[in-house]
Amino acid sequence: MVDDEGHVLEVVPRARMRAENLRHRAVFILVTASDGRVLVHRRSSTKDVWPGWWDLAVGGVVAAGEGWDQAARRELAEEVGLDDVEPEWVGVGRYDDDKVRLVAHVYRLVHDGPFRFLDGEVVEARFVSASELRELVSTQPFLPDSRALVLPLVE
């Protein structure tokens, strides 16, 4: 649980953080191909929030005692199988709704693949152009936090 600036106030179990919608730390990494296409993916139906929805960022909750950059590298390894990459820090953002309250560090990574989806969190992924992304965002359910924090980097 963190304050509005992302400073840790208390370490709580993830289940409590979700149940009480406590503000927490998260990382978002926009992955693009060298030609500018954006990697989008659909989340597994077992995710605790927004199961089966599309996302335009790799990322997730920062663990207790974990640094922002460390969390970004861990999420890239877990979700898309990228080890030994160094995402570029872009900035800080906040997002609040009735399901999620977070302070995020946002990153960018240019990588053409290959990707490995080993942990089961991603069930479908592909690169899309800017026009394809606009179409997907307007017709499919996309995570609202990544729409708010990451989509402006693409537009």
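We did not get these values from a lab; they are worked out from the coordinates using the rules stated. Keep in mind that what you see is a predicted model, and the values were worked out from it rather than measured. Using ideal geometry, Cβ is built from the backbone for each residue, glycine included, and neighbour counts are taken over all protein chains shown.
Of note:
- Here the contact order of the chain, divided by its residue count and restricted to Cα pairs under 8 Å and six or more residues apart, works out to 30 percent.
- Separation of the Thr139 and Asp4 label points, Cα + 7 Å toward Cβ, nm: 4.1
- Taking the longest Cα principal axis of the chain as reference, the axis of helix 130-139 is set at about 60 degrees.
- Charge sum, other residues only, whose C-beta stays under 12 Å from Val11's C-beta, Lys/Arg counted +1 and Asp/Glu -1: +1
- Value at 222 nm in deg cm²/dmol, rounded to 500, when DSSP H runs of n ≥ 4 in the chain each add -39,500 (n - 2.57): -6500 deg cm²/dmol
- Subtracting the Cα-Cα distance of Leu118 and Gln70 from 0.36 nm times their residue separation leaves 15.4 nm of extension gain.
- Taking the longest Cα principal axis of the chain as reference, the axis of helix 68-80 is set at about 50 degrees.
- Here the chain carries DSSP beta bridges of which approximately 70% are antiparallel, counting only pairs with both residues inside.
- Most mobile of Glu132, Glu86, Glu75 in a GNM of the chain (Cα contacts under 10 Å): Glu132
- Descending Cα extents along the principal axes, the stretch 14-154, whole Å: 40, 35, 28
- Ratio of Rg to Rh over the stretch 1-76 (Cα coordinates, Kirkwood Rh, two decimals): 1.01
- Modelled spin labels at Glu155 and Asp97, positioned 7 Å past Cα toward Cβ, are 1.5 nm from each other.
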